[in-house]
Amino acid sequence: MDLDAIDMRRSRYELSELISGYPGRSATYGGLGWCSISVLRNSERVILVDTGSFGMRPVLKARLNEIGIEPVDVTDILITHVHYDHCANFTLFPKATIWINAEELDWAVQLPPGFDPVPELCVDALSRHERVISFLPTPVILPGITALAAPGHTPGSTVYSAQLTSGTTAVFTGDAIKNRAEFISGEFASTMDELRSKASWRKINSLCTATPSTIIIPGHDLTLIPGNPPRYKESRTAVLSAWLGTKLADITDFDITRTEDQI
Ligand SMILES: [Zn+2]
């Protein structure tokens, strides 16, 4: 095998969209924290893009099992930002190197605990973790993986893009673009800096325009195929189950999708 072919193998990935995030929150209880989690794999690496919140642990384990990955197999974790619903489960992957924008970690470390989505104990552990690499976003951080600073939602929010074996480029926007509504409208819920969010949105759109075959994996929505209009790549499944009766077997399921979500 020649060097070009070896280089190609190291810098292209199979994508598994483990969990598609959900674009909503509870009107009475706050954030659901259901974020998108993906795996990028080739012969050298198993990369997790975001790790989800504590409540997602059983589903994360099940999805990893389904594609034959044990936690110990994960070589790298890319953190889009330090909110609890994206970074909390980095502790579950004992051999992984954890990649995080230095600006994000430096900002979070100096924050006092507050009534916000920053998990101070996780941030403290991240800042002392022996396998954390805090980096300044550069065109390439790993073979075939780029990091783009996308501040606004948080000061060090980062967008990653990966070259796939299919020839497509996958763009993981984290909460710089949380959902289809933000991608289409250029308006943002839960941003620390509206102007910076808008500038990041423009940068991400330019990246999509400049790259011929792109898919967008938002922080809290189904995968999108850019276009006019952008469309979902798959249909949504989302159900809430509640014990509202007097017997354990009396479970009420609430479908929390809309019919137009379905392709
Ligand atoms: Zn967030």
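Any idea which of 158, 165 is in contact with an Asp or Glu (Cβ under 8 Å, 6 or more places away or on another chain) and open to solvent by 40 Å² or more (accessible area, probe 1.4 Å)?
That would be 165, the only listed residue that is in contact with an Asp or Glu (Cβ under 8 Å, 6 or more places away or on another chain) and open to solvent by 40 Å² or more (accessible area, probe 1.4 Å).
Go through (1) exposed (fewer than 15 other Cβ atoms within 10 Å of the Cβ); (2) out of contact with any strand residue (DSSP E or B) (no Cβ under 7 Å at 6 or more places or on another chain) and name the single condition residue 205 misses.
For residue 205, the failing item is (1).
What are the pairs, 6+ residues apart or on separate chains, where a residue within the range 138-154 that is closer than 19 Å to residue 205 by Cα and open to solvent by 30 Å² or more (accessible area, probe 1.4 Å) has its Cβ under 6 Å from a residue that is within 16 Å of the ligand (Cβ to nearest atom) and not small (Gly, Ala, Ser)?
So the pair list comes out as 148/159.
Criterion first (of a type outside the set (Ser, Thr, Tyr) and within 16 Å of the chain's Cα centre (by Cα)) does residue 64 satisfy it?
Details: of a type outside the set (Ser, Thr, Tyr): yes; within 16 Å of the chain's Cα centre (by Cα): yes.
So residue 64 passes the test.
If we keep just the residues of the range 115-137 that are in a loop (DSSP other than H, G, I, E, B) and free of Cβ contacts under 8 Å to residues at least 12 places away in the same chain, which is farthest from residue 47 (Cα to Cα)?
115
Report, by residue number, each residue of the range 1-39 that is surrounded by fewer than 16 Cβ atoms within 10 Å (Cβ to Cβ) and either within 16 Å of the ligand (Cβ to nearest atom) or part of a loop (DSSP other than H, G, I, E, B) (or both).
Correct list: 1, 2, 24, 25, 26, 27, 28, 29, 30.
Return the pair list, or none, for Cβ contacts closer than 9 Å from residues in the range 172-187 that are in contact (Cβ under 8 Å) with a residue 40 or more places away in the chain and more than 14 Å from residue 85 (Cβ to Cβ) to residues that are within 13 Å of the ligand (Cβ to nearest atom) and among the aromatic types (Phe, Trp, Tyr), at least 6 apart or on different chains.
Note: pairs meeting the criteria are 176/188; 177/188.
The values are calculated or read from the model by the stated rules, or taken from the named source; none is laboratory data. Predicted model only: the values in this text are computed from it and were never measured. Note that each Cβ is placed from the backbone with ideal geometry, even for glycine, and that neighbours are counted across all protein chains shown. What goes into the accessible areas is simple: the full protein's heavy atoms, side chains included, and nothing from ligands, DNA or RNA. Shrake-Rupley method; radii C 1.70, N 1.55, O 1.52, S 1.80 Å.
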